[in-house]
Amino acid sequence: MINSVKRFIPENLRPYQSSDEYKIRKRVLIDKKQKQLKTVFLNSIEEAFDLFDIKSDMCLSFHHHLRNGDFVIQKVCEVIKNRDLKNLHFAPSSIFPSYTNMVDLINNGNITNIHTNYINGPVAKTISEGNLEGKIIMNTHGGRARAIESGDLKIDIAFLACPVVDKLGNGTGSYGKSACGTLGYAISDLEYADKVILVTDTVVDKIDKYQFDGKYVDAVIQINQIGDSKGIISGTTKLTKDPIGLKIAKECSMVLDYLGVIKNGFSMQTGAGKTSLAVVKYVRDIMIAKGIKGSFASGGITSSYVQMLEENLFDNLYDVQCFDLEAVDSYRKNKDHLGMSASEYGNPYENNTIASRLSFVVLGAAEIDLDFNVNVTTDSLGYLIGGSGGHADIAHESDLTVVISPLVKSRIPLIKDEVITVTTPGCDVDILITERGIAVNPKRVDLLKRLKNSQFPLVSIKELYDNAHQITGVPRKILVSDEVIGYVEYRDGSYIDCLYKANKQKR
Amino acid sequence: MFRSLLFIPGNNPSMIQNADVFSADGIIFDLEDSVDIYEKGNARNLINNYLSSGNTCPSLIVLRVNPIDTAFFEKDIELIKTKKIDYILLPKTNMDALNVLDEVLLEIENKYDLEKTKVLALVESAKSVIQIFKIAKNKRVEGILLGAEDLCNDLEIDRTNIGNEILFARSRVIYACTSNNIISIDTPNTSISDQKLLREDCLNAKNLGMKAKSSIHPSQIEIINEVFSPSEKEIKWARKVLESVELNVGKGAFSLDGKMIDKPIILKAEKIIQKANKFKI
């Protein structure tokens, strides 16, 4: 069948109809786990496999707060390889380039199905080339929390990296030699997985302020090193120096200012792209110049937001994952830098989520089509290069959603007739800002009216599309295979698009 | 008339592709110092293709060619055949170089029936500072750009933020240009990240009499345009002066807000309004 963003979805899956459809569907909640025994302390991951009889066909979950510095998923993969367990379902909240041990396990049929919110690197490449036996399901951050709490994503064992654990099994990421800050993406795993195993390198007598409640924790494994904190710093969390990126960011901040959304009590979130982060700088300049104090900034938190909190430009930061070490430090020290779970952040069924309280969000796009549908999941050849993360969650919930991107990237036009993959539906995107003009979604008549008499270069998305083709010519359409390798699941559990095997020969 | 010229290296495809989106009044596509000697041919081809096929060219295009005594010079000059170049920027300008340039241009212009090519002279040696009044009188030269970095190398002195070391050269450029009714263009500021310093440098040059400034990074353009544009206060004043002229027809001088208005003041007001209109302020 064809869903409402004109994408083919197999008959056995519920197609995406609208971003608000969840409102007419009842929330499904399974019981939180009930631990029967005291938390046990183990000395190795192998011991946990024996104790909990971890075997083929199980679903194992992980969080990604240590990002590229995570050793836990790598070590668990080694044990799986040694025991040659088969047909495993992996559900890490994200998959980073450093998770290289997963590649062999996928290619050898040890891991056959995957749920994740974001994927990049060699694991993404092998899956894109059709080497995963089963399917990959790409969730949103809020959608993953919903899937776990509803039982749609049933986790047998959660291996949760935890920088510090106490003797009662409580855990925190705030400090320790592998500190990563907030542990927001793992809260659903903690509360709903059948068995929860914290993997740590630091055990203390007592943690006063913990994020993981020991009442859910079945076992703690102490190993030498769970990760490298430096690895949480991502290249995408640095401010752009690219003149085009800076121009777009400046223009974006000016549009936001013109629309009057940067005002006392406002709240904001930006993506982790370099240009989005430049927007933060320019918004800060406007706030300082006009003496504005915001309510909160949220999402993945970087040093830019930490600086703004310290400058008293925001009351709070709501942090679901720390993107750099300054954020980790701030989360530990500053009482106004608050953690949040993925559910509190963007679960469509949670009341009063942080996402729903956002005044505006600034997001990136790998591709956007003439209906404003955004792809941040695959590249122009169909290879997996990312995923929604919180993109679709906040695009829908925020009062104003701005997408920023260069109109032409490495000679490839941003705007397509059809994006290769729909990650975020166009109905949730309000404004597209490029270096060659600004397009407002025709559905936002109010914004069009307000911007009509401004000095901004307002054009239709079709004009931008034509403008890009004037520069690049009309690119040859890249044909991906018709072999479905997975699905993009919208936050409410419906299916918004299929993922297809990339055309390897074209790369 | 322009306020800002932005240098874009001729071998940087992404910058070239986006040349028209930066807010500079003009773009200098550079084939000289920013292009490695092994990249000269590629850069020339890139610019040639861009100018020949581009639908999105900047409104004012300057081409900095290689110096006359290099093997690249004559091939660089041939890019005028694209008919997209408004000015050739001649590096290491002196009277001899200008004469060579004139001969080469004349030959191509005659051969391909092209209009007379205009030239901006890049003055960057002690010798050219001394010859500057002759340079300014050259029939092709429509502006002079001061190149302070090379000039300071020639003088064996260091550049400073205050710029006292180039005061003499700046003044020569300004007086030569103003007296010959051509445009004076200030040397670029090489500090990309220090916006405060850039603003001070621009104000210093403008207050001496420079009419425009060159830049080496797009992030410098906003400040340059702002400083070299008439302010709102100036525009308001100029409009008031020109309105009062209409009310005082036939009077050589008259009073406005307690101040005397005569011909020089009226001319100043006209120039401000002309600039404001040109730059849509």
Q. From B:Ser53, B:Ser59, B:Ser34, which residue is within 14 Å of chain A (Cβ to nearest Cβ) and either over 28 Å from B:Gln131 (Cα atoms) or of a type in the set (S, T, N, Q) (or both)?
A. B:Ser53
Q) Any residue at all in region B:257-266 that is surrounded by fewer than 12 Cβ atoms within 10 Å (Cβ to Cβ) and closer than 18 Å to B:Asp25 by Cβ? A) no
Q.
Can you tell me which of (1) within 13 Å of chain A (Cβ to nearest Cβ); (2) in contact with a Phe, Trp or Tyr (Cβ under 9 Å, 6 or more places away or on another chain); (3) buried (at least 21 other Cβ atoms within 10 Å of the Cβ) is the one B:Pro13 doesn't meet?
A. (3)
**Q.** Matching option when the condition is within 15 Å of A:Thr116 (Cβ to Cβ) and part of a loop (DSSP other than H, G, I, E, B), among A:His64, A:His89
**A.** A:His64
**Q.** All positions within region A:336-385 that are in contact with a Lys or Arg (Cβ under 7 Å, 6 or more places away or on another chain) and of a type in the set (Phe, Trp, Tyr)
**A.** A:Tyr349, A:Tyr383
Q.
Consider region A:451-464. How many of its residues are touching a strand residue (DSSP E or B) at 6+ places or on another chain (Cβ under 8 Å) and away from every other protein chain (no Cβ under 14 Å)?
A. 5
Q: Evaluate region B:24-31: report whether one residue or more is in contact with a Gly (Cβ under 9 Å, 6 or more places away or on another chain), closer than 21 Å to B:Ile223 by Cβ, assigned to a strand (DSSP E or B) and within 14 Å of chain A (Cβ to nearest Cβ).
A: no
Q) Do we have A:Gly151 as touching a Leu at 6+ places or on another chain (Cβ under 8 Å) and at positive phi here? A) no
**Q.** Sole residue being in a loop (DSSP other than H, G, I, E, B), more than 24 Å from B:Phe2 (Cα to Cα), more than 25 Å from the chain's Cα centre (by Cα) and of a type in the set (Lys, Arg), chosen from B:Lys251, B:Lys240
**A.** B:Lys251
**Q.** Residue among A:Val72, A:Val103 that is crowded, with 23+ Cβ neighbours inside 10 Å and assigned by TED's automatic domain parsing to the domain that holds A:Val196
**A.** A:Val72
(Q) I'd like to know if region A:202-213 contains one or more residues that are free of Cβ contacts under 8 Å to residues at least 40 places away in the same chain, buried (at least 16 other Cβ atoms within 10 Å of the Cβ), out of contact with any helix residue (DSSP H, G or I) (no Cβ under 6 Å at 6 or more places or on another chain) and more than 14 Å from chain B (Cβ to nearest Cβ). (A) yes
Q.
Among the residues that make up region A:253-270, is at least one of them within 24 Å of the chain's Cα centre (by Cα) and more than 17 Å from A:Ser398 (Cα to Cα)?
A. no
Q | Residue check, B:Lys233 without any contact (Cβ under 8 Å) to a residue 40 or more places away in the chain, more than 25 Å from B:Asp30 (Cβ to Cβ), under 26 Å from the mean Cα position of the chain (by Cα) and surrounded by fewer than 17 Cβ atoms within 10 Å (Cβ to Cβ) | A | yes
Q) Among the residues of region A:256-286, which ones are under 25 Å from A:Gly389 (Cα atoms) and assigned to a helix (DSSP H, G or I)? A) A:Leu256, A:Lys274, A:Thr275, A:Ser276, A:Leu277, A:Ala278, A:Val279, A:Val280, A:Lys281, A:Tyr282, A:Val283, A:Arg284
Q: Might you let me know whether region A:46-55 holds any residue that is at pLDDT 95 or above, under 20 Å from A:His115 (Cα atoms), in a loop (DSSP other than H, G, I, E, B) and of a type outside the set (Val, Ile, Thr)?
A: yes
Q) Which of the residues belonging to region A:407-450 are within 14 Å of chain B (Cβ to nearest Cβ) and in contact (Cβ under 8 Å) with a residue 12 or more places away in the chain? A) A:Leu407, A:Val408, A:Arg411, A:Ile412, A:Pro413, A:Leu414, A:Ile433, A:Thr434, A:Glu435, A:Arg436, A:Gly437, A:Ile438
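Quick grid of which residues meet (1) surrounded by fewer than 19 Cβ atoms within 10 Å (Cβ to Cβ); (2) out of contact with any Asp or Glu (no Cβ under 9 Å at 6 or more places or on another chain); (3) not assigned by TED's automatic domain parsing to the domain that holds A:Asp152:
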{"position": "A:Ala327", "(1), (2), (3)": "no, no, yes"}
{"position": "A:Asn334", "(1), (2), (3)": "yes, no, yes"}
{"position": "A:Glu344", "(1), (2), (3)": "no, no, yes"}
{"position": "A:Asn351", "(1), (2), (3)": "yes, yes, yes"}
{"position": "A:Phe360", "(1), (2), (3)": "no, no, yes"}
Q. If you go through region A:428-438 one residue at a time, do you hit one that is over 30 Å from B:Ile16 (Cα atoms) and either hydroxyl-bearing (Ser, Thr, Tyr) or assigned to a helix (DSSP H, G or I) (or both)?
A. yes
**Q.** Residue satisfying all of: in region B:116-147; surrounded by 21 or more Cβ atoms within 10 Å (Cβ to Cβ) and assigned to a helix (DSSP H, G or I); nearest to the chain's Cα centre (by Cα) among these
**A.** B:Ala136
(Q) Take the conditions modelled with pLDDT under 95 and surrounded by fewer than 21 Cβ atoms within 10 Å (Cβ to Cβ) and apply them to A:Asp194. Does it pass? (A) no
**Q.** Which numbered condition B:Met1 fails, given (1) surrounded by fewer than 20 Cβ atoms within 10 Å (Cβ to Cβ); (2) among the hydrophobic types (A, V, I, L, M, F, W, C); (3) in a strand (DSSP E or B)
**A.** (3)
Q: Could you please give the count of residues in region B:78-92 that are under 19 Å from the mean Cα position of the chain (by Cα), aliphatic (A, V, I, L, M) and closer than 14 Å to B:Glu32 by Cβ?
A: 3
(Q) Given (1) over 22 Å from A:Ile248 (Cβ atoms); (2) out of contact with any helix residue (DSSP H, G or I) (no Cβ under 6 Å at 6 or more places or on another chain), identify the lone condition not met by B:Ala19. (A) (1)
Q. In region A:465-491, how many are within 12 Å of chain B (Cβ to nearest Cβ) and not hydroxyl-bearing (Ser, Thr, Tyr)?
A. 7
Q.
If a residue counts only when it is touching a residue at least 60 places away in the same chain (Cβ under 8 Å), which strands (runs of 3 or more DSSP E) contained entirely in region A:325-403 have at least 2 such residues?
A. A:360-363
Q.
All but one of (1) outside any loop (DSSP other than H, G, I, E, B); (2) under 24 Å from the mean Cα position of the chain (by Cα); (3) surrounded by 13 or more Cβ atoms within 10 Å (Cβ to Cβ) hold for A:Lys23; state the number of the condition that does not hold.
A. (3)
(Q) When you check B:Ile192 against the structure, is it of a type in the set (Val, Ile, Thr), within 26 Å of B:Leu146 (Cβ to Cβ) and within 14 Å of chain A (Cβ to nearest Cβ), yes or no? (A) yes
Q: Please determine, by comparing only the residues of region A:232-264 that are more than 14 Å from every other protein chain (Cβ to nearest Cβ) and at pLDDT below 85, which one is surrounded by the most Cβ atoms within 10 Å (Cβ to Cβ).
A: A:Ile232
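The values are calculated or read from the model by the stated rules, or taken from the named source; none is laboratory data. Everything numeric here is computed off the predicted structure, so don't read it as measured data. Please note: Cβ atoms are built from the backbone with ideal geometry, for glycine as well, and neighbour counts cover all protein chains shown.
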